[in-house]
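Novice: Attaching a single structure in structure tokens format; questions to follow.
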Amino acid sequence: MKYFRSLLVVATVIAIGMMSCSKGDAGPAGPAGPAGPDSVGYSAWIPLNFTYNTNDSLFEDTLSAPAITSGILDSGLILSYIQFTDQNNVVHIQAISSLSNLISEDYSVGKINIIAFIDLTQYLYRYVVIPGSLKTGNSTNTKIKGYTPTELKAMSLEQVQQVLANKN
């Protein structure tokens, strides 16, 4: 019985102590920092102009891409799209990554080399550069706004624009 009373007194003291503790009022919010530059860049729509290479039976084009720097190649992400109009005059924008059986790209500082199995002259091409800001151990697991580079490459241009515009 004496043990029970001691236990009851200790439990009461703990309960009263817990109920009387509360967090203090939150302090004032600090000043907002300056708006940073938009680090995601994109090119204008560039008309493709392929030439046929008889040595490898492929169509080739080289584009100037000043936004592709060694920093982008080392730690960033490059997305690319092709725009075309079908026979019904409907404009389509397709991620190049989804056309890997028709077209391939090679990036270097300031340039994009494109090869294709068909002539895509007069189709429009756009690239988007996203600088890397956080080094992680495995680049395939790196997330940009919650998405991996592979997931971003599979998205339409509109989806990528929505994801990158989302400030969360």
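Novice: Restricting attention to segment 80-104, which residues are among the hydrophobic types (A, V, I, L, M, F, W, C), in contact (Cβ under 8 Å) with a residue 40 or more places away in the chain and open to solvent by 60 Å² or more (accessible area, probe 1.4 Å)? Spell out how you get there, then give the answer.
Specialist: To start, the set of residues in segment 80-104 that are among the hydrophobic types (A, V, I, L, M, F, W, C) comprises 82, 84, 90-91, 93, 95-96, 99, 102-103.
This time we only want the ones that are in contact (Cβ under 8 Å) with a residue 40 or more places away in the chain, so: 82, 84, 93, 95.
Residue satisfying the conditions is PHE84 alone.
Novice: A follow-up question, please. Out of segment 72-118, which residues are in a loop (DSSP other than H, G, I, E, B) and over 18 Å from THR148 (Cβ atoms)?
Specialist: As a first pass, look at segment 72-118 and keep what is in a loop (DSSP other than H, G, I, E, B): 76, 86-90, 100-102, 109, 117-118.
Scanning segment 72-118 gives ASP86, GLN87, ASN88, ASN89, VAL90, ASN101, LEU102, VAL109, PHE117, ILE118.
Novice: Checking the structure you have, find out if any residue of segment 14-25 is open to solvent by 40 Å² or more (accessible area, probe 1.4 Å) and at pLDDT 65 or above.
Specialist: So far as segment 14-25 goes, yes, one or more of its residues are open to solvent by 40 Å² or more (accessible area, probe 1.4 Å) and at pLDDT 65 or above.
Novice: Which of (1) at pLDDT below 60; (2) under 30 Å from LEU152 (Cβ atoms) is the odd one out, the single condition LEU7 does not satisfy?
Specialist: (2)
Novice: Considering only residues that are surrounded by fewer than 13 Cβ atoms within 10 Å (Cβ to Cβ), modelled with pLDDT of 90 or more, under 23 Å from the mean Cα position of the chain (by Cα) and over 16 Å from TYR107 (Cα atoms), which ones fall in segment 33-79?
Specialist: Of everything in segment 33-79, just one residue is surrounded by fewer than 13 Cβ atoms within 10 Å (Cβ to Cβ), modelled with pLDDT of 90 or more, under 23 Å from the mean Cα position of the chain (by Cα) and over 16 Å from TYR107 (Cα atoms), namely ALA44.
The values are calculated or read from the model by the stated rules, or taken from the named source; none is laboratory data. It should be emphasised that the depicted structure is a prediction, and the values quoted were computed from it without experimental measurement. Virtual Cβ from ideal backbone geometry, glycine too; neighbours counted across all protein chains shown. In case anyone asks, the SASA skips ligands and DNA or RNA and just uses the protein heavy atoms, side chains included. Shrake-Rupley method; radii C 1.70, N 1.55, O 1.52, S 1.80 Å.
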